[in-house]
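All of the numbers you see were taken from the coordinates with simple rules; none came from a lab. Keep in mind that this is a model prediction, so the values were computed, not measured. Here the Cβ positions follow ideal geometry from the backbone for every residue, glycine too, while neighbour counts run over all protein chains shown.
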Amino acid sequence: MKIATFKPSLIACLIVLLAAALPYGDNGEPKVAPRTQFKIPLAKIAVTFNNSTNKYDQVRINFDDAEAYIIAPGDDMLSKKGGESTTYRELQQNSYQLSDFEAKTISRVCRTLISALEEYETILKNEAWGKALYLDSYFPRFLRGFHVMMCAAKESPEALPRAALVSEDEYDNSENSPKSDARIKMWRTEQDRIMKLRIASKELASQIKLWQKNELNDPKRDPEISASGNFERTFTAFVKNYFGYVK
């Protein structure tokens, strides 16, 4: 019987090919596609959760400066570097309305969201999947934080549709989460998903600008009248398309 033999170079080649086909790395962790890092334009939103009441206590918002903008059910606060802070009191009977502090803070958060949406649409257009994966490390957490921020500002769990609340199961606190790989793969393989996302991102950016103009940035706004209806609709549609909740 003739025994087959393999040259060392062929064996090495086979090992490389086999390793590339495996879904897990040497450390047992799921393999992830390469990320392309860039400056994420989103505000940082952190939600403080109270385990005893099973509700959030406050939403802390940071931009590139050293100040922290805190929106909570009830009084809000601006915390400056060095420990100085300013409290913005709210009457209980008016807590469902956006105060001037809340409107200005939310508008500033919206400006970062508009920048992210414009960047995101360009990423999809250019099929820059490395940047899409990197952005996805931050975007789901931001979208969830935005939802909670609005609920805290209006002191209502219905401030934005519940269908637009991103589940914490959708993301990990990691820049190399396999959940991002699975999501971008879903976009690329589902028919028309990329086009729907591009349209949804453009429409959401447009509606945010109108909401800013008609309510958030209007010094003469009537606090009893909300102009966020179209924003709420487009925000929900964007979230549903982003996470594949709709076909």
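Descriptive notes on the structure:
- Label zone at residue 50, where the point sits 7 Å out along the Cα-to-Cβ direction: region 58-76 residues whose backbone N lies under 20 Å: 58-61, 69-76
- Placing a pseudo-label 7 Å from each Cα along the Cα-to-Cβ vector at residue 156 and residue 94 gives an inter-label distance of 1.7 nm.
- Using alpha-carbon coordinates, inclination of helix 100-126 to the longest axis of the chain, degrees: 30
- Relative contact order for region 124-214, counting Cα pairs under 8 Å that sit 6 or more residues apart, in percent: 31
- Percent RCO, i.e. relative contact order, over region 41-89, from Cα pairs under 8 Å lying at least 6 residues apart: 23
- Lys/Arg +1, Asp/Glu -1 at C-beta; the chain dipole; positive extreme among 189, 152, 134: 189
- Cross-link check: pairs 44/209; 179/209; 81/104; 44/104; 131/196 evaluated at a Cα-Cα cut-off of 27 Å; pairs beyond the cut-off: 179/209.
- GNM flexibility winner over the chain from 83, 229, 74 (Cα, springs under 10 Å): 83
- In this simple spin-label approximation, residue 64 and residue 194 carry label points 7 Å from Cα along the Cα→Cβ vector, and these lie 3.1 nm apart.
- Taking amide H as placed 1.01 Å from N in the peptide plane, residue 226 has no amide H partner under 5 Å among residues 5 or more places away or on another chain.
- 0 to 90° range, to nearest 10: angle between helix 8-21 axis and the chain longest Cα axis: 30
- When the helices of the chain are scored as -39500 (n - 2.57) per DSSP H run of n ≥ 4 and the total is divided over every residue, the value at 222 nm lands at -14500 deg cm²/dmol.
- Comparing Cα centroids, region 186-247 and region 108-168 end up 10 angstrom apart.
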